[in-house]
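> The structure that follows is given in the form of structure tokens.
The values are calculated or read from the model by the stated rules, or taken from the named source; none is laboratory data. Just so you know, these numbers come straight off a predicted model, no measurement behind them. With ideal geometry, Cβ positions are generated from the backbone for all residues, glycine too; neighbour counts draw on all protein chains shown.
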């Protein structure tokens, strides 16, 4: 029987292991998956150190959104430990001044006791508009945010705001790399994925049709199929 690949999965902002549930189940025959906890630290560097301390000596690594930022930081700190890299619905760029200002406003609201997680008003940023009527999906996204809570949300936002621009890192990534994005992702649109794929030598780009930012939950079978190919090629 073929040996399974150790696979480390990194969630996005306000997300937990539910984000990757379809992939953990769908790849069980080829991967030993572990979903990291990215709620404890206020910087991407500290998140990456915590992941590396708990991860196997060598592993495949996949991150979505903030998890992608953390994955790039892992590549900065210990590239020799990562056998394969998948970057989903993320960006290699640092925050723009406008994005930082928006995050500061959200932190301020949370600190005042007005943390509301992912509200119905914010859902169109996370999922394709056609999925807003899918009660099970919507409930799961909102429940993840509630579980993460105010304090971890503030830590995560501060970590995201202070992250380094990783575009200069991309040409130095030498492991097999998959870049994946929902074609209708409005938070980290396909242009961001295309930029990453163009920067990483030999990277494969895949855009998932009829899909927003949370690709792993919106189109789990399609994403799992892409990850299976990435793991087994």
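> From the residues in the stretch 84-118 that are more than 18 Å from the chain's Cα centre (by Cα), modelled with pLDDT under 85 and assigned to a loop (DSSP other than H, G, I, E, B), which one is surrounded by the most Cβ atoms within 10 Å (Cβ to Cβ)?
If we take residues in the stretch 84-118 being more than 18 Å from the chain's Cα centre (by Cα), modelled with pLDDT under 85 and assigned to a loop (DSSP other than H, G, I, E, B), then 115 is surrounded by the most Cβ atoms within 10 Å (Cβ to Cβ).
> Sticking with this one: Being farther than 23 Å from residue 15 by Cα and at pLDDT 95 or above narrows it down to one residue among 190, 171; which is it?
Criteria check complete, one pass: 171.
> Looking at residue 62, is it under 21 Å from residue 182 (Cα atoms), part of a strand (DSSP E or B) and in contact (Cβ under 8 Å) with a residue 40 or more places away in the chain?
Considered against the rule, which asks whether it is under 21 Å from residue 182 (Cα atoms), part of a strand (DSSP E or B) and in contact (Cβ under 8 Å) with a residue 40 or more places away in the chain, residue 62 comes out as yes.
Rundown of residues vs (1) closer than 21 Å to residue 218 by Cα; (2) out of contact with any strand residue (DSSP E or B) (no Cβ under 7 Å at 6 or more places or on another chain); (3) touching a residue at least 24 places away in the same chain (Cβ under 8 Å), yes/no style:
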site: 14; (1), (2), (3): yes, yes, yes
site: 24; (1), (2), (3): yes, no, no
site: 28; (1), (2), (3): yes, yes, no
site: 42; (1), (2), (3): no, yes, yes
site: 92; (1), (2), (3): no, yes, yes
site: 100; (1), (2), (3): no, yes, yes
site: 112; (1), (2), (3): no, yes, no
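> If you take the residues of the stretch 125-144 that are in contact with a helix residue (DSSP H, G or I) (Cβ under 7 Å, 6 or more places away or on another chain) and not in a loop (DSSP other than H, G, I, E, B), which of them is farthest from residue 216 (Cα to Cα)?
132
> Restricted to the stretch 181-202, and to residues that are over 15 Å from the mean Cα position of the chain (by Cα) and buried (at least 19 other Cβ atoms within 10 Å of the Cβ), which residue is nearest to residue 218 (Cα to Cα)?
Taking the candidates together, the pick is 184.
> Looking for whichever is free of Cβ contacts under 8 Å to residues at least 60 places away in the same chain and not in a loop (DSSP other than H, G, I, E, B) here; the options are 7, 72, 52. Which one fits?
Testing whether each residue is free of Cβ contacts under 8 Å to residues at least 60 places away in the same chain and not in a loop (DSSP other than H, G, I, E, B) leaves just 52.
> Next question, about the same structure. When both residues are 6+ apart or on different chains and their Cβ atoms are under 9 Å apart, which pairs have a first residue that lies in the stretch 178-203 and is on the phi > 0 side of the Ramachandran plot, and a second that is surrounded by fewer than 16 Cβ atoms within 10 Å (Cβ to Cβ) and part of a loop (DSSP other than H, G, I, E, B)?
Partner pairs satisfying both residue conditions: 202/174.
> Give the residue, chosen from 27, 14, 7, that is closer than 26 Å to residue 212 by Cβ and either at pLDDT below 95 or within 13 Å of the chain's Cα centre (by Cα) (or both).
14
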